[in-house]
Amino acid sequence: MKAHLAVIDMQYVFADPRSQWFTPGFEGVMAPIHKLVAAFPDVTFTRFVAPARPIGAWKLYYARWPFALQPPNAEIYQLVDGFDGSTVDEITFGKWGPALADRVGDADVLVLAGVATDCCVLSTALAAADAGQVTWVVADACAGMDDAAHERALDIARGYSPHIEVKQLDEVLACCA
């Protein structure tokens, strides 16, 4: 089976406990994600970045989070140390779009890991599934804004089977590595 790994938004803005967007489980998914990255020949890292000029509902969003209106090269938007490679930047929660679709190519499955399960990971999985891409969310390689939000997002993802499957790290490594 040909699989492509997308590591969603492992950026300082979600890793730093002082950040308004801190994801408490971030540190806990670093080791599982490193295992996935080491096992997969095809990996894409994604970054959530602010638009130069927000439009529509994004104006409301950035009115709530003005600290985030920084250029893509700002430190908060950089990948944390230890994650290097091919990157797709998007100004949306979901990272599925032409750039990631091109990277995935003819892979049988898109494997997702990263943060936050209840926002960018789930949004990416739903968009990919709608586009017809079989998608796996690696539960123990994702973190939500809290444990309850993480579990709710996984429950939602499970409702989209067979388009989206929730897997464990060991399952994915045994299958795709």
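The values are calculated or read from the model by the stated rules, or taken from the named source; none is laboratory data. Nothing here was measured: the structure is a model prediction, and the numbers come from that model. Counting neighbours? That spans all protein chains shown, and the Cβs are built from the backbone with ideal geometry, glycine included.
Here are some notes:
- Set Ala139, Ala74, Ala63: member being of a type in the set (Gly, Ala, Ser) and within 16 Å of Ile8 (Cβ to Cβ): Ala139
- Look at the range 165-177: where a residue is free of Cβ contacts under 8 Å to residues at least 40 places away in the same chain and within 23 Å of Gly132 (Cβ to Cβ) and a partner is of a type in the set (Gly, Ala, Ser) and part of a helix (DSSP H, G or I), sitting 6+ places away or on another chain with Cβ atoms under 6 Å, you get Val166/Ala157.
- Any hit, the range 6-17, residues being surrounded by fewer than 16 Cβ atoms within 10 Å (Cβ to Cβ) and in a loop (DSSP other than H, G, I, E, B): yes
- Exactly one residue out of Gly114, Gly85 is surrounded by 21 or more Cβ atoms within 10 Å (Cβ to Cβ) and within 21 Å of Phe14 (Cβ to Cβ), and it is Gly114.
- Of all residues in the range 31-54, those satisfying the criterion of being in a helix (DSSP H, G or I) and either within 13 Å of the chain's Cα centre (by Cα) or among the β-branched types (Val, Ile, Thr) (or both) are Ile33, Val37.
- Top-ranked residue of the range 122-177 - restricted to ones that are of a type in the set (Ser, Thr, Tyr) and either modelled with pLDDT under 95 or in contact with a helix residue (DSSP H, G or I) (Cβ under 7 Å, 6 or more places away or on another chain) (or both), ranked as surrounded by the fewest Cβ atoms within 10 Å (Cβ to Cβ): Tyr160
- Sole exception among (1) under 14 Å from the mean Cα position of the chain (by Cα); (2) free of Cβ contacts under 8 Å to residues at least 40 places away in the same chain for Asp102, by number: (1)
- Test: residue in the range 76-88 that is part of a helix (DSSP H, G or I) and on the phi < 0 side of the Ramachandran plot: yes
- Index of the failed condition, Pro24 passing every other in (1) surrounded by fewer than 19 Cβ atoms within 10 Å (Cβ to Cβ); (2) in a helix (DSSP H, G or I): (2)
- Condition check for Ala107: farther than 21 Å from Glu27 by Cα, surrounded by 19 or more Cβ atoms within 10 Å (Cβ to Cβ) and out of contact with any helix residue (DSSP H, G or I) (no Cβ under 7 Å at 6 or more places or on another chain): no
- Look at (1) more than 18 Å from the chain's Cα centre (by Cα); (2) closer than 23 Å to Asp140 by Cβ and you find that Ala57 fails only one, number (2).
- One residue stands out among those in the range 40-79 that are among the aliphatic types (A, V, I, L, M) and surrounded by fewer than 16 Cβ atoms within 10 Å (Cβ to Cβ): the one that is farthest from Val111 (Cα to Cα), which is Ala63.
- Within the range 21-49, the set of residues being closer than 12 Å to Leu169 by Cβ and touching a Pro at 6+ places or on another chain (Cβ under 8 Å) is empty.
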